[in-house]
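Let me begin by presenting the structure, written as structure tokens, before commenting on it.
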Amino acid sequence: MEMSESEGANGTGKAVRVSPWHNQNNNKRCGMVDWGKALETFVVGFGGVFVTLIILYVGIVIFSKVVMSVTSMTAKKE
Amino acid sequence: MEFGLFQKILFDAGFMHLTFGNIVMWAIALTFITLAITKNYEPLLLVPIGFGMFIINLPLTGLMDQGGLLWVPYHYAIDHFDLIPPIIFMGIGAMTDFRPVLANPKTLLLGAGAQFGVYVTFFGALLLGFTMPEAASIGIIGGADGPTTIYLTSKMAPQLLGATAVAAYSYMALVPIIQPPIMKLLTTVEERKIKMKQLRNVSKLEAIGFPLVATLIICLLIPAAAPLVGMMMVGNLFRECGVVERLSGTAQNELINIVTIFLGLCIGATMPAQVFLQPSSLFIFFLGMIAFAFSTAAGIVLAKLMNLFLKDKINPLIGSAGVSAVPMAARVSQVVAREADKRNFILMHAMGPNVAGTIGTVSAAGLFLSILMG
């Protein structure tokens with residue numbers, strides 16, 4: 001959706017980018033949403049969170065195994 | 001002459017410029033302060049937010065005009081340089097024990113699943129006419145993480161900062177009311193009675209290494225999440241390494257308290273009546289509720305799905321703790337589990353998805369920034 005410029009809409013005296021919700025003169029609402037981009041955001045975003053946490057999971061499992069084996073080796077030597 | 005002076009003083013007085021909207025905002029501010037004091041709903045945030053909201057709705061104070069008392073910290077520490085949310089994350093990291101995640105890393109997946117509400121709400125906000133950056137800022141409320149919501153909104157849709165921050169903190173305070181009905185609806189009594197195996201002991205070396213491993217992996221995958229993840233993990237390293245107790249203490253006490261005062265006041269001050277009393281604020285509160293409900297439900301459903309493949313079953317109630325709201329959401333899981341079986345203790349198990357949810361929300365925010373602003 002297109003945004004318009006409005007001065008000081010957040011009470012800070014600086015220009016902010018605002019949606020039609022904050023510009024009562026603009027009655028265009030959801031006709032211009034780029035649904036392709038929205039779908040891409042969902043797939044890449046939600047999928048990305050899962051992939052990140054799965055990689056973190058694998059990383060933690062490997063890290064824990066390394067630490068435990070090093071700890072047990074050290075303990076055996078002692 | 002004297003009459004002219006009197007007229008000038010009268011005209012310069014704030015009450016001559018009061019609007020009905022200002023008085024409505026006083027009532028809202030008073031409600032927040034009352035709820036914080038009487039019900040203990042997120043008092044550390046809602047008291048300063050309520051007061052900031054109150055004082056900014058006194059006409060002609062100039063507190064948020066350029067150079068004004070609250071404009072300076074807002075402009076430099078939140079809006080322009082985004083300093084305060086990462087500093088709060090340092091405090092959160094210093095206060096958080098990640099051992100439950102290290103002991104049972106599978107719970108990381110529940111933290112990811114509970115971000116579903118963020119994306120459902122993103123679409124809901126788009127349908128209601130919000131722009132994509134605004135929709136992302138509203139969706140992230142579902143992560144139940146106040147500082148992340150503020151960080152993302154200040155970067156993507158600063159005009160919505162007050163409403164999204166207040167919605168996030170309000171719903172975090174309402175976790176014990178919002179979550180239990182959804183948890184009971186989606187689980188059977190037998191599922192709620194599932195007892196989980198005691199967590200293994202995590203060594204000190206693992207606890208010290210975790211912040212480094214997590215920073216390495218997350219920041220390499222989502223560089224935009226580095227300010228929040230980096231600060232959270234350095235705070236955690238202070239806590240776990242055991243040799244910088246003063247730094248750890250400062251991060252989790254004095255520093256986080258100081259920035260919380262400015263954060264609360266400045267967020268409250270972004271809500272003058274003409275900005276806050278818009279249909280968009282109502283929609284943001286409505287969408288925030290949807291986000292929370294979907295995140296809770298998704299965590300539980302994912303836990304049930306995981307049970308189809310796991311030998312040692314997990315209690316699906318811990319899935320709802322995947323929304324961040326640390327440690328409130330984990331406590332709610334414990335309370336609901338004990339209602340089904342008084343001898344069932346799942347609090348430490350629920351802390352796993354709970355802290356994983358924080359990481360998941362930060363990752364979601366970083367991905368929004370990369371996709372929509374990158």
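What follows is calculated from the coordinates using simple rules that are stated; it is not laboratory data. Fair warning: this is a prediction, and the values are worked out from it, not measured in the lab. Methodologically, a virtual Cβ is constructed for each residue, glycine included, from the backbone with ideal geometry; neighbour enumeration extends over all protein chains shown.
Here, the stretch B:159-279 has an Rg and a Dmax of 20.1, 55 Å when only alpha carbons are counted.
Peptide A:59-66: average number of partner chain Cβ atoms within 10 Å per residue? The mean count of partner-chain Cβ atoms within 10 Å per residue comes to 6. Compared with the dominant Cα axis of chain B, that is its longest principal axis, helix B:84-95 is turned about 40°. Structural descriptor for chain B: relative contact order 29 percent, calculated from alpha carbon pairs under 8 angstrom and at least 6 residues apart.
Tell me whether the stretch B:248-344 comes out rounded, prolate or oblate; compute the Cα gyration tensor, take square roots of the eigenvalues as a ≥ b ≥ c, and use a/c under 1.5 as the rounded threshold. Here the stretch B:248-344 falls in the oblate category. By the count of other C-beta atoms within 10 Å, a proxy for reagent exposure, B:349, B:17 are ordered fewest to most as B:17, B:349.
Within 10 Å of the Cβ of each residue in B:76-89, the mean number of Cβ atoms contributed by other protein chains is 0. Exposure proxy for B:240, B:190, A:40, B:134: other Cβ atoms within 10 Å of each Cβ, ordered fewest to most, give B:190, A:40, B:240, B:134. Counting only Cβ charges, +1 for Lys and Arg and -1 for Asp and Glu, the dipole size of chain B around its Cα centre is about 1560 debye.
In Å³ and rounded to a whole number, note down the convex hull volume per residue for the Cα atoms of chain B.
That works out to 149 Å³ per residue.
Restricting the trypsin sites (Lys or Arg not before Pro) of the stretch B:249-336 to loop positions (DSSP other than H, G, I, E, B) with no more than 15 neighbouring Cβ atoms within 10 Å leaves B:311.
Taking 21 Å as the straight-line reach from the Cα of residue A:65, the lysines in range (excluding those fewer than 8 positions away in the same chain) are A:76, A:77, B:106, B:197, B:204, B:311. Considering only B:305, B:18, B:37, the residue lying farthest towards the positive end of the dipole of the protein assembly as shown is B:305, judged by Cα position with unit charges set on Cβ. Peptides B:80-88, B:198-206 ranked from most to least packed by the mean count of surrounding Cβ atoms within 10 Å: B:80-88, B:198-206.
Using only Cα coordinates, the Kirkwood hydrodynamic radius of the protein assembly as shown works out to 22.7 Å. Can you compute the helix-only [θ] at 222 nm over the protein assembly as shown? Use -39500 (n - 2.57) per DSSP H run of at least 4 residues, normalise by all residues, nearest 500 deg cm²/dmol. Helix-only estimate at 222 nm: -21000 deg cm²/dmol.
Please identify which residues in the stretch B:146-174 have an amide N closer than 17 Å to a label point set 7 Å out from the Cα of residue A:34, following the Cα→Cβ vector. Within reach of a label on residue A:34: B:156-157. For the residues of B:106-115, the average number of beta carbons from a partner chain within 10 Å of their own beta carbon is 4. In a simple Cβ point-charge model (Lys, Arg +1; Asp, Glu -1; nothing else charged), the protein assembly as shown has a dipole of about 1840 debye relative to its Cα centre. Length gained on full extension, residue B:193 to residue B:9: 59.3 nm, using 0.36 nm per residue less the C-alpha separation.
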